[in-house]
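The values are calculated or read from the model by the stated rules, or taken from the named source; none is laboratory data. Only a predicted model underlies this, so the values are computations on that prediction, with no experimental measurement involved. Please note: Cβ atoms are built from the backbone with ideal geometry, for glycine as well, and neighbour counts cover all protein chains shown.
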Amino acid sequence: MSILAHADRTGVVLSFVSIVAISGQLIVIRGFDRGLLHLFVFLPLVAMCMSLNPVRSPGRSLARLFLVLNSVGFLVTSFPRVFPDLRGADPALPPDQSRAMAWYLFVYVIYGAWIGPVFFLRAELEKHRLQKPAQVSKFTCRFGIVTAMVVGPAMVLTVMSVVKVWPVFR
């Protein structure tokens, strides 16, 4: 295994471990909740498994981007000068970890409202083009992509203004 491939795998695992560690503290503070487990443990676990898949695919790239964005968030939140107004997700968490959780929620909204639907529906539209069986009709694919392209950025801007991810929202 090359050094680059080893570093890539190590980075994926460390991204997952850092998300789970902060989530563990949130679970200890707030008590066990299945929603927290699914949101902060299951999704990163799925992304980690997809990232470690040796077969190149767009899904693997999206999973790696998800983990990288979360890792970048942990770096960014460690330096309050970069995003001075970034609000924490939970006041019971230590400030750095609360800021990291807010960043994670921001990344989650980007993926859930924008990137994920467009990626899935575009893949289904491609199946229609190749005349393969698809799970969603052409109309639904096109309508869903347009909706995600309109609603997704609005949701992202709303979350940015709530958690103060960008200095514009002061």
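The set of residues in the stretch 130-142 that are in a helix (DSSP H, G or I), in contact with a helix residue (DSSP H, G or I) (Cβ under 9 Å, 6 or more places away or on another chain) and surrounded by fewer than 16 Cβ atoms within 10 Å (Cβ to Cβ) comprises K138, T140, R142. The number of residues in the stretch 52-67 being in contact with a Ser or Thr (Cβ under 7 Å, 6 or more places away or on another chain), touching a residue at least 40 places away in the same chain (Cβ under 8 Å) and among the aliphatic types (A, V, I, L, M) comes to 1. The set of residues from the stretch 40-58 being within 17 Å of V107 (Cβ to Cβ) and either of a type in the set (V, I, T) or surrounded by fewer than 16 Cβ atoms within 10 Å (Cβ to Cβ) (or both) comprises V41, F42, L45, V46.
The criterion of at least 1 residues that are small (G, A, S) and modelled with pLDDT under 75 is met by the following helices (runs of 4 or more DSSP H) wholly inside the stretch 23-98: 34-37, 58-78. Of the conditions (1) assigned to a helix (DSSP H, G or I); (2) under 16 Å from the mean Cα position of the chain (by Cα); (3) at pLDDT below 80, V107 satisfies every one except a single condition; which number is it? Of everything listed in (1) assigned to a helix (DSSP H, G or I); (2) under 16 Å from the mean Cα position of the chain (by Cα); (3) at pLDDT below 80, V107 misses just condition (3).
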